[in-house]
Number of protein chains: 2
Amino acid sequence: MKRRNTPTTEAVLNVLKKTGKAMSQDAIEQKIEIEINRATIYRVLNRFCEDGILHKVVAEDSKQYFALCLECDKNQESIHHFHFRCIKCETIECLPGEVNFSIPDKYKVKNVNCVLTGTCDECS
Amino acid sequence: MKRRNTPTTEAVLNVLKKTGKAMSQDAIEQKIEIEINRATIYRVLNRFCEDGILHKVVAEDSKQYFALCLECDKNQESIHHFHFRCIKCETIECLPGEVNFSIPDKYKVKNVNCVLTGTCDECS
DNA sequence: TAATTATTGCAACAATATCGCATTACATGA
DNA sequence: TCATGTAATGCGATATTGTTGCAATAATTA
């Protein structure tokens, strides 16, 4: 299934590039210039995730946030990093540090979802 | 506001003690002997969280999971640990390791939500 | 330019979680 | 033991988030 370039896909990517942060569908819809259906935004976001262009985090507000994969490796085995969610400015940013954990051999970790919540630099 | 002992509160606590894992409202409702309303279970769980008896994690399935605070300190500053969610047996367990992260000074972390997902010891 | 098929919008749906309000029942003091 | 204040509960309604089916649209390419 080959992907197609559409105004929608470009607009979504541009918003994410511009803010440089992880955003929810809702936040994206608000910041975007053109009008895009909610379901479509989700589909675009999920498609980008499949393609390794975006990654998804679920914060403890139970919402999904999507961000550009920068240092993420395209060869699947992405380096998992922490995310910081500021409750004041309501943004989520990817933190540079890698997530380290130790776990018994037999356990197989397929996904890592780490979000720290609090107030960020500017809001503290 | 003084807490009261009710069959509901005891039943919920007992289920969590018995399994020793983090459970969702749904899982608790299924395992419990008596019939308790959904909203009530949520209220009981949230009350226990306020009292520092339980702690809550949100997994990347966007659901809330509640577990007994064992090594959690009652003096608020609880030691944050990783959680492991097995997609096969659909349970979440608290891992012993502490979550270590570094973050710029001005940032203030108020909550840590870390969930690893995959297959556990028994299901691998 | 026509044809193929990925993409979109709309509406409906599912699931999780919360809230208001009337009712019930726990716990305490008399 | 009983009466009373009020925390806890059940019910229904509601909010929010995210997904899906289907028909219509539009991007690619030959």
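Roughly speaking, what is the stretch gain from B:THR19 to B:ASP105, that is 0.36 nm per residue apart minus the C-alpha to C-alpha distance, in nm to one decimal?
Taking B:THR19 through B:ASP105 to full extension adds about 27.1 nm, to one decimal.
Once you keep just the Cα pairs under 8 angstrom separated by 6 or more residues, what percentage relative contact order results for chain B?
RCO, chain B: 22 percent.
Restricting to region B:7-118, what percent of DSSP beta bridges are antiparallel, rounded to 5?
Approximately 75 percent, going by the DSSP bridge assignments.
With the full set of protein chains in place, find how many percent of the accessible area of region B:7-118 is carbon and sulfur; take the probe as 1.4 Å.
Answer for region B:7-118: carbon and sulfur cover 46 percent of the accessible area.
Using the heavy atoms of the protein chains alone and a 1.4 angstrom probe, what is the accessible area of region A:1-96 per residue in square angstrom?
Per residue, region A:1-96 has an accessible area of 62 Å².
In cubic angstrom, how much convex hull volume per residue do the alpha carbon atoms of the protein assembly as shown span?
Once divided by residue count, the hull of the protein assembly as shown is 166 Å³.
Excluding ligands, DNA and RNA, what is the accessible area buried between chains B and A, summed over both sides, using a 1.4 Å probe, to the nearest 100 Å²?
Accessible area lost upon association: around 2700 Å².
Can you tally the lysine pairs in chain B where the Cα-Cα distance is under 17 Å and the two residues are eight or more apart, or on different chains?
11
Classify chain A: rounded, prolate or oblate, from the alpha-carbon gyration tensor (a ≥ b ≥ c, eigenvalue square roots; a/c under 1.5 rounded; otherwise prolate if a/b is larger than b/c)?
oblate
The values are calculated or read from the model by the stated rules, or taken from the named source; none is laboratory data. Computed from a predicted model, the values in this text were never measured in an experiment. Ligands, DNA and RNA are stripped out before the accessible areas are found, and what is left, the full protein with its side chains, is counted by its heavy atoms. Shrake-Rupley method; radii C 1.70, N 1.55, O 1.52, S 1.80 Å.
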